[in-house]
1. Place a +1 charge on the Cβ of each Lys and Arg in the range 1-124 and a -1 charge on the Cβ of each Asp and Glu, then give the dipole magnitude about the Cα centre in debye, rounded to the nearest 20.
2. May I ask you to order 238-248, 130-140 by the average number of other C-beta atoms within 10 Å around their residues, highest value first?
3. If you take the alpha carbon radius of gyration of the range 133-279 and divide it by 2.2 N^0.38 Å, what ratio comes out, to two decimals?
4. Please give the contour-minus-distance gain from Val307 to Ala277: 0.36 nm per residue of separation, less the Cα-Cα distance, rounded to one decimal in nm.
5. Which value results for Rg/Rh of the range 30-123 when Rg is the Cα radius of gyration and Rh the Kirkwood radius based on the inverse mean 1/r?
6. Where in the range 182-198 does the label zone of Asp237 land, with the point 7 angstrom along Cα→C-beta and an amide N cut-off under 16 Å?
7. Note the full-extension length gain between Asp149 and Arg317 as 0.36 nm times their separation in residues minus their Cα-Cα distance, in nm to one decimal.
8. For the chain, with a Gaussian network of springs between Cα atoms less than 10 Å apart, report the residue from Pro212, Pro69, Pro18 with the top mean-square fluctuation.
Amino acid sequence: MLINCVAYQDGKKLADIPVGDISDYLNRPGCFVWVALRDATEPELLVMQREFALHDLAVEDARHGHQRPKVEEYADMLFAVVHTVEFSATDELRVGEVNLFVGRNFILSIRNRSTQHLLGVRERAEREPHLLKHGSGYVLYAVMDAVVDRYFPIIDALESELENIEGQIFVRGSARANIEHLYQLKGRIMTVRHAVTPLMESASKLWSGRVPSVCEGSREYFRDVYDHLVRINGALDTLRDTIGTAIQVNLSMVTIEESETTKQLAAWAGIFAIATAFAGIWGMNFEHMPELKWKFGYPMALGTIVVACSLLWRRFRRLGWL
């Protein structure tokens, strides 16, 4: 679906133009065209390929989608893929995709499987004509910067979730649930990492070494995007390490709880062993056992068992076994 099709000259908006007039504006000196599509259909892709002379391989990648974040160079055109990450209604992470075709005098963005619109990027660029006059290279930076900046709230949410789980680590009986939550959180972190790490590698090509010609005027801006990605990647590494530590602590808590249970069982077994020993001795019924003929033998036997068990219970209590 077509969202916008706008022509710009010297950093200022000329007009919203129909798709059929794109080629006319591309021939104007100092003019470039910015087209935005959402969930593009096959006919729309074919029209854009014809208007912008897009490379077949790049169009094929955009058609099938589910591409790894990357930046590829085709002659004087760039094809970039960036992933959007957002929370769904069920608090699961949903990954979308933005495909960008960037030429000397045009940029085409195709947003797929994402509810995050990029209208704010266009408004921001139009408020900065002194930067927009750099052309399609600056627009590529603006789109990438907007997508990358939206990773930061995701990181904050994941950090808050981890803090909540850490607050439950020392609650007795919660270790199993904590480990399940930690593994779920680890999966979300890996989802974000799959979007960030490849893009960080690709963004480095846009500001260091031999920079594509369409990005030459915006080299320092792409370095800023790269710096943001490095920060995000570092935060993801920290989260992953903390999760590993938290899982080990939870496993240790399970071991401690099992040890405490084992000690309690052993203590009660010892107490009942004393009672069983006395009962076994007095239950042998030998003929010459003086207690059998004694009037107070039965109360004495019960009292002895109670006293012995009480002393043992008190001892285990002091040791912290009960």
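1. The dipole magnitude comes to about 320 debye.
2. Top of the packing list down: 130-140, 238-248.
3. So the Cα radius of gyration is 1.76 times the expected 2.2 N^0.38 Å.
4. Additional length available on full extension: 9.4 nm.
5. Ratio of gyration radius to Kirkwood radius for the range 30-123: 0.98.
6. What the label zone holds, given the 16 Å backbone N cut-off, is 190, 193-194, 196-198.
7. Separation in residues times 0.36 nm, less the Cα-Cα distance, equals 54.7 nm.
8. Pro18
Laboratory data are not the source of any read-out in this text; all were calculated from the coordinates shown. Small disclaimer: the values here were computed from a predicted structure and weren't measured. In this analysis, Cβ positions are derived from the backbone assuming ideal geometry, glycine residues included, and neighbour counts consider all displayed protein chains.
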